[in-house]
1. I'd like the residue in the range B:10-38 that is in contact with a strand residue (DSSP E or B) (Cβ under 6 Å, 6 or more places away or on another chain), outside any helix (DSSP H, G or I) and buried (at least 17 other Cβ atoms within 10 Å of the Cβ) and, out of all such residues, is nearest to the other protein chains (Cβ to nearest Cβ).
2. If residue B:83 passes every condition in (1) closer than 21 Å to residue B:149 by Cα; (2) modelled with pLDDT of 95 or more but one, which one does it miss?
3. Assuming residue B:69 fulfils every condition listed in (1) within 21 Å of the chain's Cα centre (by Cα); (2) closer than 29 Å to residue A:158 by Cβ; (3) within 11 Å of another protein chain (Cβ to nearest Cβ) apart from one, which condition is it?
4. Tally up the residues in the range B:41-62 that are within 17 Å of residue A:131 (Cβ to Cβ), free of Cβ contacts under 8 Å to residues at least 40 places away in the same chain and in a strand (DSSP E or B), please.
5. Check whether at least one residue in the range B:107-128 is part of a helix (DSSP H, G or I), within 14 Å of chain A (Cβ to nearest Cβ) and in contact with a helix residue (DSSP H, G or I) (Cβ under 8 Å, 6 or more places away or on another chain), and report yes or no.
6. Considering only residues that are outside any loop (DSSP other than H, G, I, E, B), within 11 Å of chain B (Cβ to nearest Cβ) and under 28 Å from residue A:192 (Cα atoms), look in the range A:90-113 and name the one that is modelled with the lowest pLDDT.
7. Condition first: within 12 Å of another protein chain (Cβ to nearest Cβ) and assigned to a loop (DSSP other than H, G, I, E, B). Now tell me which residues in the range B:72-88 satisfy that.
8. Which ones in the range A:158-197 are assigned to a loop (DSSP other than H, G, I, E, B), under 21 Å from residue B:125 (Cα atoms) and without any contact (Cβ under 8 Å) to a residue 60 or more places away in the chain?
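The values are calculated or read from the model by the stated rules, or taken from the named source; none is laboratory data. This is a predicted model, so every value here is computed, not measured. Cβ sites come from the backbone with ideal geometry, for glycine too, and all protein chains shown count toward neighbours.
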């Protein structure tokens, strides 16, 4: 039928006019910002045109940290102040974040990807699919190996679960393999990636998952 | 892989339905099944029943829906079929039970809809996980529970009751999602 040879159904193979949007959520201190810091050079090396929106409670702390990092053009980092409930602005009423994403797309017309980092929240935190196409939930081994077992909606529903700070496992009495196995079990086999954002362990795999899920690059 | 950048319209649109009807006679209509929970995604990978891989990347002002036509030419069309959505139908026995149920559903941020005197909770996971959160209300029979499979689509409401099967007590249905 010739469809396999057709690169695009409607636009003759041109890039879609909108950037993919992904969420990165998780508890306070699990390493969301560190994961983004580790992803930035990997995505840059892969030639992905991207920007970041951070969410903080009442400051722009995470945005400032990324802007000062020297890793990314500070203009490509936008901050949303979430107020008291971080999940509200990524789930119940994500309009502030949607607007921040739209502004970045207007400012950088070639943008392919926007990463939305949620404010640190609890295990119930999830993203609205009106805001993002796909989302990651970050937990860390120092938070305890019982986190997957608690079946928090963030852990269960996310498209990719990242278990960060795996280097700390022996120091906090966590058997990493068991924690990862349990995480896969409660997620019904959906993806789980172990990372150490500081050393770069697992970061390429996270970038691969993003590329494949929303950038459609194998 | 076929890239889909726009929804072309609904299978019911007059300017599409005629061509679709013609293709149906020739077996040229391919269907891509999308779980209800994924309909809100603007970007996703999917494979049609005919084996065509799709990379769907819609503008943010467009959404997939049951009957959305993603591709059509002289030989073939691709139409979205939304999967069945499963709901927990919770019927409180008294106003006090209704208040408590309403509090619990809100506190758990469940996606709900209302129908008469029942609260419907959209199940995005196993039924037992939802019922476990209401253990006391269900165990003491202060709310009645039924699982409702609802087809998505324009005439979905008509199909809801036909798929209802009542359960007098909570138990596992063995459905993993």
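1. Restricting to residues being in contact with a strand residue (DSSP E or B) (Cβ under 6 Å, 6 or more places away or on another chain), outside any helix (DSSP H, G or I) and buried (at least 17 other Cβ atoms within 10 Å of the Cβ), the top hit is B:30.
2. For residue B:83, the exception is condition (2).
3. Unmet for residue B:69, out of (1) within 21 Å of the chain's Cα centre (by Cα); (2) closer than 29 Å to residue A:158 by Cβ; (3) within 11 Å of another protein chain (Cβ to nearest Cβ): (2).
4. As a first pass, look at the range B:41-62 and keep what is within 17 Å of residue A:131 (Cβ to Cβ): B:41-44, B:57-62.
Now restrict to residues that are free of Cβ contacts under 8 Å to residues at least 40 places away in the same chain: B:41-44, B:60-61.
Filter again for in a strand (DSSP E or B), leaving B:43-44.
Total satisfying the criteria: 2.
5. no
6. Taking the range A:90-113 as the starting set, the residues that turn out to be outside any loop (DSSP other than H, G, I, E, B) are A:90-92, A:95-107, A:113.
Adding the requirement that they be within 11 Å of chain B (Cβ to nearest Cβ) leaves A:91-92, A:98, A:101-102, A:105, A:113.
In the following step, the residues that additionally are under 28 Å from residue A:192 (Cα atoms) were identified as A:91-92, A:98, A:101, A:113.
Numbers: A:91: 88, A:92: 85, A:98: 93, A:101: 95, A:113: 97.
Here the answer is A:92.
7. First, the residues of the range B:72-88 that are within 12 Å of another protein chain (Cβ to nearest Cβ): B:72-78.
Passing the criteria: B:73, B:74, B:75, B:76.
8. Filtering the range A:158-197 for residues assigned to a loop (DSSP other than H, G, I, E, B) gives A:158-159, A:165, A:172-175, A:187-191, A:195, A:197.
Checking which are under 21 Å from residue B:125 (Cα atoms) leaves us with A:158-159, A:187-191.
Those that are assigned to a loop (DSSP other than H, G, I, E, B), under 21 Å from residue B:125 (Cα atoms) and without any contact (Cβ under 8 Å) to a residue 60 or more places away in the chain: A:159, A:187, A:188, A:189, A:190, A:191.
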